[in-house]
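> Quick one: the structure is below, and I'll ask about it shortly.
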Amino acid sequence: MHARTLAPRILVAAAMLFAAANPAPGAPSGGATRTPPPTDAVPTPDQPPVDLYEQGLELVRNERFEDARKLFSTLVEKDRKDADAINMLAYTQRKTGDLEAALANYHRALELRPKFPQAREYLGEAYLELALREVDTLRKYGKDGKDELKQLIDAVHEAAAQLDGTGSGAASKW
């Protein structure tokens, strides 16, 4: 799809999703209050799923995204219908630069649990990161991408204006 038609769609959807929820990164959905494991804990795949999930969250809080990704991947292999684990796997995929895999897993988590605010927020953030990646790519094109870059930047500004109610479109009715 052409950047002119894709970018505004991505940004508007991302802006709407981003505004819908804003929990703290790594916080389990549903307000679970489990005691986190020590930060120096070395997780092993044979631990019970609850322990692995909590250790994964602790790794995320300590920005050890590669290690957390391995744990959440193990959890998803054990239970392919665990929306929380799939969401956090996607989160760590996004934080390690694998946006395509992250997008697929956010959508997968939302198929399992359509009303999942944390996954919706993270999906929106992933779309914003994808849009920024496209801005960087267009900048590298120099004059060949100048017009498309301006259109994409204009779309970003319009999406931002919709968040605060000053822009046009459906999202400005919030």
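> Could you give me the residue pairs with C-beta distances under 7 Å whose first residue belongs to the stretch 117-142 and is on the phi < 0 side of the Ramachandran plot and in contact (Cβ under 8 Å) with a residue 12 or more places away in the chain, whose second residue is surrounded by fewer than 19 Cβ atoms within 10 Å (Cβ to Cβ) and of a type in the set (D, E, K, R) wherever it lies, and which are 6+ apart or on separate chains?
L138/E148
> Follow-up. Residue by residue through the stretch 52-111, note down the ones that are of a type in the set (K, R) and either in contact (Cβ under 8 Å) with a residue 12 or more places away in the chain or closer than 27 Å to E134 by Cα (or both).
R61, R64, R69, K78, K81, R94, K95, R108 - these are the residues of the stretch 52-111 that are of a type in the set (K, R) and either in contact (Cβ under 8 Å) with a residue 12 or more places away in the chain or closer than 27 Å to E134 by Cα (or both).
> Residues L152, L138: which one is crowded, with 17+ Cβ neighbours inside 10 Å, in contact with an Asp or Glu (Cβ under 6 Å, 6 or more places away or on another chain), in a helix (DSSP H, G or I) and not basic (K, R)? Can you show your working first?
On the way: L152 fails: in contact with an Asp or Glu (Cβ under 6 Å, 6 or more places away or on another chain).
It is L138.
> If you check A159 against the conditions, is it at pLDDT below 95 and either within 30 Å of K81 (Cα to Cα) or assigned to a helix (DSSP H, G or I) (or both)? Steps first, please.
Details: at pLDDT below 95: yes; either within 30 Å of K81 (Cα to Cα) or assigned to a helix (DSSP H, G or I) (or both): yes.
Yes.
> Could you list, in sequence order, the residues of the stretch 155-167 that are surrounded by 13 or more Cβ atoms within 10 Å (Cβ to Cβ) and either in contact with a Ser or Thr (Cβ under 7 Å, 6 or more places away or on another chain) or closer than 14 Å to R133 by Cα (or both)?
Across the stretch 155-167, the qualifying residues are V156, Q162.
The values are calculated or read from the model by the stated rules, or taken from the named source; none is laboratory data. Just so we're clear, the structure is a prediction, and the values are computed from it rather than from any experiment. Neighbour counts run over all protein chains shown; Cβ positions are idealised from the backbone, glycine included.
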